[in-house]
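Below is one structure, written out as structure tokens; comments come after it.
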Amino acid sequence: MTKAPGGLPGFSELLEFTTKAAQAATLLSGMRADDVDLAATPREEIRRINGRTLYRLVSDTPPRIATPVLVLYAMVGRWTVLDLQDDRSFLRNLAASGCDVYVLDWGHPTPADRFDDFGDLLELYLDEFVETMCERHGIDAINLLGICQGGVISLCYAALHPARVRTLITCVTPVDFHADKKETRDDRGFMNVWTRGLTPGDIDLLIDTMGNVPGDVGGAMFSLMTPFRSLAKYNLTLLQVGQDRASLMNFLRMEKWLADRPAHTGESARQWLKDLYQDNKLAAGELVVGGRKVDLGAVTMPVLNIYSETDHIIPPPASKALRACVGSTDYTESAVSGGHIGIFCSRSQQKLQDLIVGWLASR
């Protein structure tokens, strides 16, 4: 590469940059919003309650696992990241491996939902959807797979309704929200540090003022976890991926998912931030949901707990704490490599899929 006097970029470097920029601009100019599709795997709507929807994936693969699997994603992001595109779809791969897959769509909460707390999420929605699945299949219990915040909700449901859960799988799920205090600064969860820096009054003021917490608030916090990557995303990264349509579509699908961040119901957000992040009540056995104390010792069904070794949102110690809390004698813990979201939408998710399906098949 040639350099001009004084170390400035030379002509060849400038030509390379402008060529790449022109190619990216050409590809972008030929795209329409409708071209960027998410959740393309065929699905059928099974039941809808106040904007919350239970879907079942349609698959040509005969079920290898007799008991259906209900997948619960977080409320702070849409479940569609689990079905990002044909070759990067966690849900499609589960179904293709022989699982009968259902997924709960929390939808976009309205102002009427601001008083929904964890008790409402479990009893008004989740329990009703589980009942629907049991009736459809003529069974008493389902397999429950919870991811991140959905894993916490799944744990609470399994503890309060153990007869309804045949097996429980938790993925990148926080249990001990203060476990990272024992780690070095580099190993602490960024969201943990930010939330513990707030006062209880700060959280109350936010929720009492806004009602539901807008998705943009959570989006801003996640962007601040990796500020330089966020700053470079729409110039350096876009220039790099804009050289071929497939890479650009990968980028745009993820951006579309990030832009579709739902609000968080006010009262459940208050519990999430105060009872869990600040007061660590789940690990301490002090969390009250729907007037009942959540005792993780009541989780006696088989449990598979999966965590990421490189997760900067949910640090491994926060997830690994589950072993000491549950009452199950059939507990399996497994580490995977990848980011908090990347393990579900990268092309290297085969290990995760094989782990889950193999574990279910053996039970």
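Every number here is computed from the coordinates shown, using simple stated rules; none is lab data. What you see is a predicted model, and the numbers here were worked out from it, not measured in a lab. Virtual Cβ from ideal backbone geometry, glycine too; neighbours counted across all protein chains shown.
Summary of computed values
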{"quantity": "Nearest 10 degrees, 0 to 90: helix 11-29 Cα axis against the chain principal axis", "calculated": "50 degrees"}
{"quantity": "Whole-angstrom Cα spans of segment 1-113 along principal axes, big to small", "calculated": "69, 41, 27"}
{"quantity": "Principal-axis tilt of helix 245-259 within the chain, Cα atoms, nearest 10 degrees", "calculated": "50 degrees"}
{"quantity": "Trypsin sites (Lys or Arg not before Pro) lying in DSSP loop within segment 232-313, provided at most 15 other Cβ fall within 10 Å", "calculated": "none"}
{"quantity": "Vicinal HN-Hα couplings computed from phi for segment 44-60 (Karplus, 6.51 cos²θ - 1.76 cosθ + 1.60; Hz; Gly/Pro x)", "calculated": "10, 7, 9, 7, 10, 9, 6, x, 8, 10, 9, 10, 10, 6, 8, 9, 7"}
{"quantity": "Lysine pair count for the chain [Cα-Cα under 26 Å; pairs on different chains or 8 or more apart]", "calculated": "17"}
{"quantity": "Cα centroid separation, segment 288-307 to segment 244-278 (Å)", "calculated": "25 Å"}
{"quantity": "Segment 61-156: chymotrypsin sites (Phe, Trp or Tyr not before Pro) in DSSP coil with no more than 13 other Cβ atoms inside 10 Å", "calculated": "F115"}
{"quantity": "Pairwise centroid distance, computed over Cα atoms, of segment 80-151 with segment 154-171, Å", "calculated": "13 Å"}
{"quantity": "Of S247, S337, S319, the one that fluctuates the most in a GNM where the chain has Cα springs shorter than 10 Å", "calculated": "S247"}
{"quantity": "Beta bridges by DSSP in the chain, antiparallel share as percent, to the nearest 5", "calculated": "40 percent"}
{"quantity": "By average C-beta atoms within 10 angstrom, highest first, the peptides 139-150, 33-44", "calculated": "139-150, 33-44"}
{"quantity": "Ordering of 296-302, 107-113, 56-62, 312-318 by burial proxy (mean other Cβ atoms within 10 Å per residue, highest first)", "calculated": "312-318, 296-302, 107-113, 56-62"}
{"quantity": "Point-charge dipole on Cβ atoms (K/R +1, D/E -1) for the chain, about Cα centre, debye to 20", "calculated": "660 debye"}
{"quantity": "Angle between the chain longest axis and helix 215-225 axis [Cα atoms, degrees, rounded to 10]", "calculated": "60 degrees"}
